[in-house]
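First the structure, in the form of structure tokens, and then the observations on it.
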Amino acid sequence: MGSSFKTSCFGVGAPFNGVFLALGLVSMTLCFSGAFSELTKFQQGAKPDGSLDLLVVGDWGRKGTYNQSKVAEQMGRIGNEMGIDFVISTGDNFYDNGLTGVDDPAFEQSFTSIYTAQSLQKPWYTVLGNHDYRGDVLAQLSPVLRKLNSRWLCMRSFIVETETADFFFVDTNPFVDEYWAIPNEHSYDWRGVIPRHRYIETLLKHVDVALRESSAKWKIVVGHHPIRSVGHHGNTVELDQLLLPILEANHVDLYVNGHDHCLEHISGITSPIQFLTSGGGSKAWRGIDDSANKDGLRFYYDGQGFMSLSLTPDRCEFVFYDLNGQVLHKWEISKELHFAN
Ligand SMILES: *[C@@H]1O[C@H](CO)[C@@H](O)[C@H](O)[C@H]1NC(C)=O
């Protein structure tokens, strides 16, 4: 699949569709960009037949407590059965306050020594959550962590291109007004984000351009905060206003997020977007918002678990699992294949 981006890129590691090296090293293309150029792109190999399988987990880093380890164990089992190609983390990677620095033992205690299954030794494409912004954000983004554990690929906003689908990871934290309120009960590490409005404007422009230029069969957008949710936090109005119109205009198929500690599927009302929350990586049980608008709600579970996603050029299936690996909800979308030039 060709890319029409005008970034200067060079490849590192195996070529597109290349064989993974030991430790599941990703074949990646790093694009170095200035403050206002395009988003970094990774090339991720799919299976030889073009199919792609992955897991999505969010809101997890609690040193194994709150059933994090049990979820991890089942992710390992299902991941093995599916032969997953990579993992997506929807953020809130380290509780309560992100990492204190690149030498914070929480990285090992909440990540490396928890997700130990062989099947999970694949790239972890990771966004930041609001709790991550309460610590040293630059630590999570640092290549030092990538050296400690090569599967760790955390960035603010970036793109993962595969043969079958393009994934657009969007840093949703700067959008949320509440985090910028003064006074604030928490402090956020906004280094690299201020001035806020320019950051948001630039990010939206880049996401719009990238989505428009993508010729992928499936377009999947990942952020930490939900656009729509009937959980504890609920809809993120800032994203509803600023991000959703861009996703709808560009025919995005799935919007995947965490933040609400639940598993959830809502079908779009104004467009065919499916809104999927996978935020059940550890602490859960926050109930449902009784007053929330339930239009399009297909599934809601406020306990622990994770999600899988399987894609072929004409089919997309996602499945939600609880912490015993039991299937709770399953959904399939088909697309006609077009062979037009
Ligand atoms: C862990 O999972 C068990 C079994 O589902 C559940 O009974 C328990 O409440 C969970 N613990 C926490 C802290 O959520």
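Summary of computed values
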{"read-out": "Tabulated pairs, segment 284-310, first in contact (Cβ under 8 Å) with a residue 12 or more places away in the chain, second of a type in the set (Val, Ile, Thr) and within 13 Å of the ligand (Cβ to nearest atom), C-beta under 8 angstrom, 6+ apart or interchain", "value": "GLN304/VAL71; GLY305/VAL71; PHE306/VAL71"}
{"read-out": "Single unsatisfied condition, ALA216 versus (1) under 15 Å from TYR301 (Cα atoms); (2) touching a residue at least 40 places away in the same chain (Cβ under 8 Å)", "value": "(1)"}
{"read-out": "Conditions (1) under 19 Å from the mean Cα position of the chain (by Cα); (2) within 16 Å of the ligand (Cβ to nearest atom): number failed by TYR255", "value": "(2)"}
{"read-out": "Filtered residues of segment 258-267 (kept if within 15 Å of GLY305 (Cβ to Cβ) and crowded, with 24+ Cβ neighbours inside 10 Å)", "value": "GLY258, ASP260, HIS261, CYS262, LEU263, GLU264"}
{"read-out": "Residue that is surrounded by the fewest Cβ atoms within 10 Å (Cβ to Cβ) [pool: residues in segment 179-204 that are assigned to a loop (DSSP other than H, G, I, E, B) and β-branched (Val, Ile, Thr)]", "value": "ILE182"}
{"read-out": "Subset of segment 289-327 (residues that are more than 16 Å from the ligand (Cβ to nearest atom), of a type outside the set (Gly, Ala, Ser), part of a strand (DSSP E or B) and in contact with a Ser or Thr (Cβ under 9 Å, 6 or more places away or on another chain))", "value": "LEU297, ARG298, TYR300, MET307, LEU311, THR312, ARG315, CYS316, GLU317, PHE318, VAL319"}
{"read-out": "Failed condition for LYS330, given (1) on the phi > 0 side of the Ramachandran plot; (2) assigned to a strand (DSSP E or B)", "value": "(1)"}
{"read-out": "Of residues in segment 66-82 being assigned to a helix (DSSP H, G or I) and either of a type in the set (S, T, N, Q) or under 8 Å from LEU323 (Cα atoms) (or both), the one nearest to the ligand (Cβ to nearest atom)", "value": "LYS70"}
{"read-out": "For SER282: the one exception among (1) more than 16 Å from the ligand (Cβ to nearest atom); (2) closer than 27 Å to GLN74 by Cβ; (3) of a type outside the set (Val, Ile, Thr)", "value": "(1)"}
{"read-out": "Residue in segment 198-205 that is in contact with a strand residue (DSSP E or B) (Cβ under 9 Å, 6 or more places away or on another chain) and touching a residue at least 60 places away in the same chain (Cβ under 8 Å) present", "value": "no"}
{"read-out": "Positions within segment 129-149 being crowded, with 21+ Cβ neighbours inside 10 Å and farther than 21 Å from SER113 by Cβ, in sequence order", "value": "TYR133, VAL137"}
{"read-out": "Index of the failed condition, TRP152 passing every other in (1) within 16 Å of the ligand (Cβ to nearest atom); (2) surrounded by fewer than 24 Cβ atoms within 10 Å (Cβ to Cβ); (3) in contact (Cβ under 8 Å) with a residue 40 or more places away in the chain", "value": "(1)"}
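Here, each number is a calculation from the coordinates, and none is a lab measurement. Not measured: the values here are computed from a predicted model. Reconstructed Cβ throughout: ideal geometry from the backbone, glycine too, with neighbour counts over all protein chains shown.
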